[in-house]
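Asks: Okay, handing you the structure first.
The values are calculated or read from the model by the stated rules, or taken from the named source; none is laboratory data. No experiment lies behind these values; they were computed from the predicted model shown. Backbone-built Cβ (ideal geometry, glycine too); neighbour counts: all protein chains shown.
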Amino acid sequence: MTNLPAYEELHIISDLHIGGVPGFQIFKETQRLANYILKVKDLRPDGRVALILNGDVIDTLAEDSGGYVATDKAVALVERILYDESFACVWQALAEFVKTPNRTLVILIGNHDIELAFPLVQWTLLKYLAGDDLLAKARIEFSVAGAGYPCTVGKASVFCTHGNEVDPWNFVRYEELSKAARRLNANRPIPASDWLPNAGTKMVKDVMNSIKRRYAWIDLLKPETSAAVGVLLALDPSQLGKIKNVLPIVGQQLIEKGQVDQRLSADAYVAPALAATAQEPKLDQMLGANLLQELKPKDTQKSIDDMLLAAEKPHTPVAGQDQGTLGVGQLLIDKLKGVSPAESLRRALQDWLKDDKTFDIADKDETYTAITASVGDDIDFIVTGHTHLERAIERGGNRYYFNCGTWIRLLRCTDALLKDEASFKPIYDILKEGKMSDIDQSKGFVLDQTSAVCIKVGDNGEVTGALLHVTGDKADLIPQQTFTRI
C-alpha cells in the first residue's frame with residue numbers, strides 16, 4: 001500500500017471508557033493519562049508523531065441516552081462527557097497535543113462509542129479540541145467506518161483496529177450506522193425501534209447497567225464472560241430475575257456469531273438478519289460446575305432449565321403452605337442456603353479461572369486468531385484493543401501483534417485470594433458492599449495497569465514495537481515486551 005500516513009513514532013492506547021456520572025465511572029487514572037499525552041506531545045519535535053485512540057475512547061453506554069444508541073441526543077451526550085470535571089485534564093491535554101506541529105491525533109471507533117460515527121459529534125469534538133484553529137483541526141483524523149487505520153512507521157507497515165470487528169457479541173453494523181448519520185445530518189429523527197443493537201450492547205443496557213448501580217465494579221472483573229451468571233447468583237441471588245433477560249441475549253449472540261462478516265474482509269460480508277429466531281442456551285451452560293452442583297436438586301437428575309420451567313407453571317396451593325406463587329428466584333435462593341454466599345462466589349470464581357490465561361501477554365486469544373486471519377500477510381505490526389487485555393506476540397517473518405490493553409480498573413482474583421473461604425472473605429465483603437471507593441483501597445485485587453503500544457524508528461533505521469506500562473502520575477513508560485523489525 002502506498003501514500004499512507006507516515007510517522008517516525010506512533011503511540012496507541014485503547015479502551016479509555018471516558019464517561020458515566022461520578023460513582024459510575026470505570027476510568028480513574030485521568031491525571032496519568034493527561035501527563036502521558038503531554039509526554040507524547042513533546043517527543044521528536046522535528047519528527048512526525050501520532051497518538052492513536054484505538055476505540056472505546058468514550059463510553060456512551062455508561063450514559064443515560066434513553067436507548068441503545070444516542071441519536072438525537074448524541075451531541076448533548078458527548079458534550080456532557082467533554083464538560084465533566086472528572087475528565088477535564090484529559091481533554092485539555094489532547095487540545096494541547098493537536099496545537100503542536102508535526103502531531104496527529106487519530107480517533108477510531110469501538111463498540112461503546114459508536115456515536116463518533118456521526119458528523120455532528122465529530123464537529124463537536126473538533127470544536128472543543130481545536131476551536132477555530134484550522135491547523136489544529138487538520139491534525140485530528142477520525143476512522144469510524146470499521147476500516148481500521150493503516151499507516152507506516154519507517155519501513156514498517158502498521159494496521160490499527162479496535163478488535164470488535166471479529167467479536168460476535170459486539171460487532172457494529174457500520175452500514176446501518178452510516179444510514180443513521182445521513183438521517184441525522186438531514187435533521188430527520190430516528191425512532192429507537194429503527195436501531196437493532198448487537199448482543200453486547202443489549203447486555204450492557206438491559207442487564208449490566210442496572211446491576212452496576214448496585215455493584216459498580218461488575219464489568220471490571222476478568223475474565224468477564226465465562227461464568228458471569230454464576231457469579232451474580234452467588235453474590236446476590238435477588239438478581240436472578242435479570243438472568244431471564246440474559247438468556248435471549250446469548251441466544252441472539254449465537255445467531256450473530258454466524259453473521260459476523262469479518263469486517264476486514266469485504267468478500268466475506270453477510271447481511272445481518274433479525275435475531276428473532278435465536279435459540280436460547282440452557283442455563284446449565286452458563287453456570288460453573290461447582291456452583292451448578294449447589295443449585296441442582298440433591299435427589300433428582302433434573303436440569304436447572306427443568307427447575308425454571310416447573311417454577312413458572314401455575315402453582316396449586318396446599319393447606320398449611322404459603323398461598324403465593326412459587327417464584328423462580330425463591331426456588332434457587334433456597335438451593336443456595338446450604339452454602340455461604342462467600343463460598344458460593346469463591347467456587348464460581350474457581351470455575352471461571354480454571355486453566356485461565358487471561359493475563360498472559362503471549363496468549364493467542366480469539367481476538368488475535370480472528371484478526372490475524374483477516375489482515376494481509378504483509379502487515380508488519382497489528383494493534384488491537386477491545387478485550388482490555390494486553391498482548392505482545394511475535395508472529396514470525398518480522399511480523400508482530402499487540403493488544404494495547406485498557407486504562408480502566410481491572411480486578412484480578414489470584415490463587416492466593418481463592419485458596420479458601422477465609423482468604424477470600426475480605427474480598428467478598430468488598431464486592432458485596434459494591435462501592436468503587438472500597439475497591440480502590442483494596443490491595444492485591446485491583447490491577448494498577450495502564451497500557452500503551454509504541455512503534456518507532458531507531459537510530460539505524462530499525463523499527464521497534466513495544467508494549468508499555470504507563471506508571472504513576474508522571475506517566476513513566478516501562479517496557480514489558482519489545483520486538484525489533486530489522
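Asks: Of all residues in region 172-182, which are basic (Lys, Arg) and either closer than 11 Å to ILE114 by Cα or surrounded by 15 or more Cβ atoms within 10 Å (Cβ to Cβ) (or both)? If you could, list the steps in order and put the result at the bottom.
Replies: Start the filter on region 172-182 by keeping residues that are basic (Lys, Arg), which leaves 173, 179, 182.
Hit for region 172-182 is ARG173, nothing else.
Asks: How many residues does region 401-429 contain that are surrounded by 20 or more Cβ atoms within 10 Å (Cβ to Cβ) and part of a helix (DSSP H, G or I)?
Replies: Residues flagged as surrounded by 20 or more Cβ atoms within 10 Å (Cβ to Cβ) and part of a helix (DSSP H, G or I) within region 401-429 amount to 3.
Asks: Identify all residues within region 339-360 that are closer than 10 Å to GLU421 by Cα, of a type in the set (Gly, Ala, Ser) and buried (at least 19 other Cβ atoms within 10 Å of the Cβ); write none if there are none.
Replies: Within region 339-360, ALA342, SER344 meet the criteria.
Asks: Does ALA136 fit the bill of being free of Cβ contacts under 8 Å to residues at least 60 places away in the same chain and outside any loop (DSSP other than H, G, I, E, B)?
Replies: Working: free of Cβ contacts under 8 Å to residues at least 60 places away in the same chain: yes; outside any loop (DSSP other than H, G, I, E, B): yes.
Here the answer is yes, as ALA136 does meet what is asked.
Asks: Take the residues of region 448-486 that are among the small types (Gly, Ala, Ser), within 23 Å of ILE37 (Cβ to Cβ) and touching a strand residue (DSSP E or B) at 6+ places or on another chain (Cβ under 7 Å): which is surrounded by the fewest Cβ atoms within 10 Å (Cβ to Cβ)? Spell out how you get there, then give the answer.
Replies: Here is the first cut: in region 448-486, the residues among the small types (Gly, Ala, Ser) are 451-452, 458, 461, 465-466, 472, 475.
Subset that is within 23 Å of ILE37 (Cβ to Cβ): 451-452, 465-466, 472, 475.
Remaining after also requiring touching a strand residue (DSSP E or B) at 6+ places or on another chain (Cβ under 7 Å): 451-452, 465-466.
Details: SER451: 26, ALA452: 25, GLY465: 27, ALA466: 19.
Out of the qualifying residues, it is ALA466.
Asks: I'd like to know if region 62-72 contains one or more residues that are modelled with pLDDT of 95 or more, not basic (Lys, Arg) and not in a strand (DSSP E or B). Lay out the reasoning, then the answer.
Replies: Of region 62-72, the ones modelled with pLDDT of 95 or more are none.
No, that holds for no residue.
Asks: Condition first: closer than 15 Å to ILE478 by Cα and in a strand (DSSP E or B). Now tell me which residues in region 447-463 satisfy that. Outline the logic, then answer.
Replies: Looking only at region 447-463, we keep the residues that are closer than 15 Å to ILE478 by Cα, and these are 448-455.
Those that are closer than 15 Å to ILE478 by Cα and in a strand (DSSP E or B): THR450, SER451, ALA452, VAL453, CYS454, ILE455.
Asks: Then there's this: Looking only at region 198-215, decide whether some residue is assigned to a loop (DSSP other than H, G, I, E, B), at pLDDT below 85 and over 30 Å from SER437 (Cβ atoms).
Replies: Of the residues in region 198-215, the ones assigned to a loop (DSSP other than H, G, I, E, B) are 198, 213-215.
Retained after the next criterion (residues that are at pLDDT below 85): 198, 213-215.
So of that shortlist, the ones also over 30 Å from SER437 (Cβ atoms) come out as 198.
Yes, region 198-215 has at least one match.
Asks: Between ASP356, ASP377, which is outside any helix (DSSP H, G or I), at pLDDT 90 or above, among the acidic types (Asp, Glu) and at negative phi? Before the answer, list the steps.
Replies: Values: ASP356 fails: at pLDDT 90 or above.
Every option except ASP377 fails the conditions.
Asks: When the residues of region 33-56 are filtered to those that are of a type in the set (Asp, Glu) and surrounded by fewer than 24 Cβ atoms within 10 Å (Cβ to Cβ), which remaining residue is farthest from the chain's Cα centre (by Cα)? Break it down stepwise before answering.
Replies: To start, the set of residues in region 33-56 that are of a type in the set (Asp, Glu) comprises 42, 46, 56.
Still in the list and also surrounded by fewer than 24 Cβ atoms within 10 Å (Cβ to Cβ): 42, 46.
Working: ASP42: 30, ASP46: 35 Å.
Looking at the filtered set, the residue picked out is ASP46.
Asks: Given the conditions (1) touching a residue at least 12 places away in the same chain (Cβ under 8 Å); (2) under 24 Å from ALA373 (Cα atoms), and given that ALA180 satisfies all but one, which numbered condition is not satisfied?
Replies: Of everything listed in (1) touching a residue at least 12 places away in the same chain (Cβ under 8 Å); (2) under 24 Å from ALA373 (Cα atoms), ALA180 misses just condition (2).
Rundown of residues vs (1) over 21 Å from GLY148 (Cβ atoms); (2) β-branched (Val, Ile, Thr); (3) part of a helix (DSSP H, G or I), yes/no style:
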{"position": "ASN3", "(1), (2), (3)": "no, no, no"}
{"position": "ILE12", "(1), (2), (3)": "no, yes, no"}
{"position": "ASP15", "(1), (2), (3)": "no, no, no"}
{"position": "ILE37", "(1), (2), (3)": "yes, yes, yes"}
{"position": "ASP46", "(1), (2), (3)": "yes, no, no"}
{"position": "SER86", "(1), (2), (3)": "yes, no, yes"}
{"position": "CYS89", "(1), (2), (3)": "yes, no, yes"}
{"position": "ALA93", "(1), (2), (3)": "yes, no, yes"}
{"position": "GLU96", "(1), (2), (3)": "yes, no, yes"}
